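Since every read-out is calculated from the coordinates, none of them should be taken as a lab result. Model, not experiment: these values are computed from the prediction. No Cβ is skipped: glycine too gets one built from the backbone with ideal geometry, and neighbour counts run over all protein chains shown.
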Amino acid sequence: MSTVTCPVVLISAPASGQGKTTVACALARLHARQGRRVRVFKCGPDFLDPYWLTLASGAPVHQIDLWMNGEADCAQRLHDAALDADLIIVEGVMGLFDGPPSAADLAQRFGLPVVAVIDASAMAGTFGALAYGLQHYRDSLFFAGVLANRVASPGHAVMLEDSLREPAQWLGALMRSDTFALPERHLGLVMDHELADALQRVDAAADALTTTRLGQMTADDLQSWAVTLETNADAENELLEFPFGLLLGQTIAVARDAAFCFLYAANLDCLQAMGARMAYFSPMADEKLPLCDALWLPGGYPELHAQKIAANTAMKSSIAAHVQSGKPVWAECGGMMALFGEITDVDGKREPMWGILPGGVTMQRHLAALGPQQLEVAGGILRGHTFHYSTCDTPLQSFTRTQAAPGQVLRGNGESLYVTGPTGSVRASYFHAWFPSNPPAAARLFLKGSHA
């Protein structure tokens, strides 16, 4: 058993859209600017918030979810981060008690102090009722306080503070400001590298936080959030095994640009821990694939960049040649969308794609699927999730389908896994896999001759 103590705080809210990411970024940036080593985690499956959290903290951001990762994996990641960090920040998912598993479940399991961020822009006295409910709904939580966000004026802040049953819970008020607002689109936040003033926005949020009690906490104050994190290094735990050598000598070409950007840092670490070398390329800008043994097309926004993708016919030919050679392809969500013959936007405009998969995809104005799911492939079960606004129409038959996570209700029939190509080496699905949940199964997605 190995233990380490470090200040940790979980930034939560009563619902999505309250400003958790803004506050988590502000807190991370503030302490990083003061010379502290800050590590940030995102609770639940999320690709977009980590871009901003990485910018703010200057360190890689991993996901921790009691089901997708598993409890032992979460414990290991928190423990390892605490070995080098002065402060660990965990950004919650949705509302504090939304799940299962919820951010509250994670906080309860590891004894994490909880700060609630409440969008107070359209309330006064009800702020106190919300804060009281979040604090007392579950007695076992360590509730560290509440921060009011998008506050209209100093007078409004006084009303909010006065509404609290327990004044000691007041951590201050962030005033409404466009200088640090983080813009959104249909899948979530706009990525930091799409905005020329991204770092300025984060700095502005950090500056604003200095006017609050939360932002004025010193290194000594942070010790009130100290948590002892432990891991059992001798325990038999499949979720933490990375069989080195399974991908030794294999080069995986990984699409990474504005259109293909939904990459878990932990997935890349997992493949590299098994010996793979990553060769990154841009399907929009590059003329051909790098020399590789396998191809990974992650999710992203092909619908926003359809014209550029379609215009790069040289890349289309390179990908087709890769497929014809029988080399493996793993395409998830946006990566799969680009493999189809065309994408149709919400206004009915069509753009040709790569045509590896017959049929096409159509963007919807409303969410088509969302939730934690698991997929059985060669080598076992991979955990992950689905989240997309498009639907596909294809003559391909499903090789298999995802199943709901335990305790969850599956919406529809689950996500299809399509298997095609000359040797069945192309595998594609809307499903986003969390590779550390089953590294050997993840490795087989990229090995020639491995079947789905």
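Computed extension length for TYR280-ALA378: 32.7 nm, one decimal, from 0.36 nm per residue of separation with the Cα-Cα distance subtracted.
Assign unit charges at the C-beta atoms only (+1 for Lys and Arg, -1 for Asp and Glu), then state the dipole size of the stretch 2-231 relative to its Cα centre in Debye, rounded to the nearest 20.
Working: 16 positive and 26 negative charges, 48 e Å.
Charge dipole, the stretch 2-231, about its Cα centre: 220 debye, nearest 20.
Starting from the Cα gyration tensor of the stretch 241-444, take the square roots of the eigenvalues, sort them a ≥ b ≥ c, and report rounded, prolate or oblate (rounded when a/c is under 1.5, otherwise prolate if a/b is larger than b/c, else oblate). In terms of gyration-tensor shape, oblate. Look at the dipole of the chain built from charges on Cβ: of SER102, PHE142, PHE387, the Cα furthest out on the positive end belongs to PHE387.
As a proxy for reagent exposure, MET68, MET336, MET284 were ordered by neighbouring Cβ count within 10 angstrom, fewest first; the result is MET284, MET68, MET336. When only DSSP loop residues count, what trypsin sites (Lys or Arg not before Pro) in the stretch 303-364 have their Cβ near at most 12 other Cβ atoms within 10 Å? Qualifying residues, ordered by number: LYS349. Projecting label points 7 angstrom from Cα along Cα→Cβ for LEU291 and GLN408 puts them 4.1 nm apart.
Taking a ≥ b ≥ c as the square roots of the eigenvalues of the Cα gyration tensor, the stretch 2-231 is classed as rounded, since a/c falls below 1.5. Simple rule: put +1 on each Lys or Arg Cβ and -1 on each Asp or Glu Cβ in the chain, find the dipole, and look at ALA405, MET315, HIS79; the Cα lying farthest toward the positive end is MET315.
Among the lysines of the chain, pairs at least eight places apart or on separate chains and with Cα atoms under 12 Å apart come to 4. Remark: the Cα gyration tensor places the stretch 203-299 in the oblate category, a/c being 1.5 or greater and a/b not exceeding b/c. Fewest-first ordering of CYS25, CYS333 by other beta carbons within 10 Å of each residue's beta carbon gives CYS333, CYS25.
If neighbour count is taken as other Cβ atoms inside 10 Å, put ARG213, ARG165 in order from fewest to most.
Details: ARG213 14, ARG165 11.
Lowest count first: ARG165, ARG213.
Between amide H atoms placed 1.01 Å from N, distances below 5 Å from GLY359 occur with GLY341, all of them 5 or more places distant or on a separate chain. With the charge dipole of the stretch 2-231 set up from +1 on Lys and Arg Cβ and -1 on Asp and Glu Cβ about the Cα centre, the Cα lying farthest toward the positive end among the listed residues PRO154, ALA56, VAL93 is that of PRO154. Counting only DSSP beta bridges with both residues in the chain, the antiparallel share comes to about 45 percent. Across q = 0.09, 0.11 Å⁻¹, the chain modelled as identical point scatterers on its alpha-carbon atoms has Debye log10 I(q)/I(0) values of -0.60, -0.88, in the order of the q list. When +1 charges are put on Lys and Arg Cβ atoms and -1 charges on Asp and Glu Cβ atoms, the dipole computed for the stretch 241-444 relative to its Cα centre reaches about 140 debye.
When the dipole is taken about the Cα centre of the chain, and only Lys, Arg (+1) and Asp, Glu (-1) are charged at their Cβ, what size is it in debye, to the nearest 20?
Numbers: 31 positive and 44 negative charges, 151 e Å.
Dipole magnitude for the chain comes out near 720 debye.
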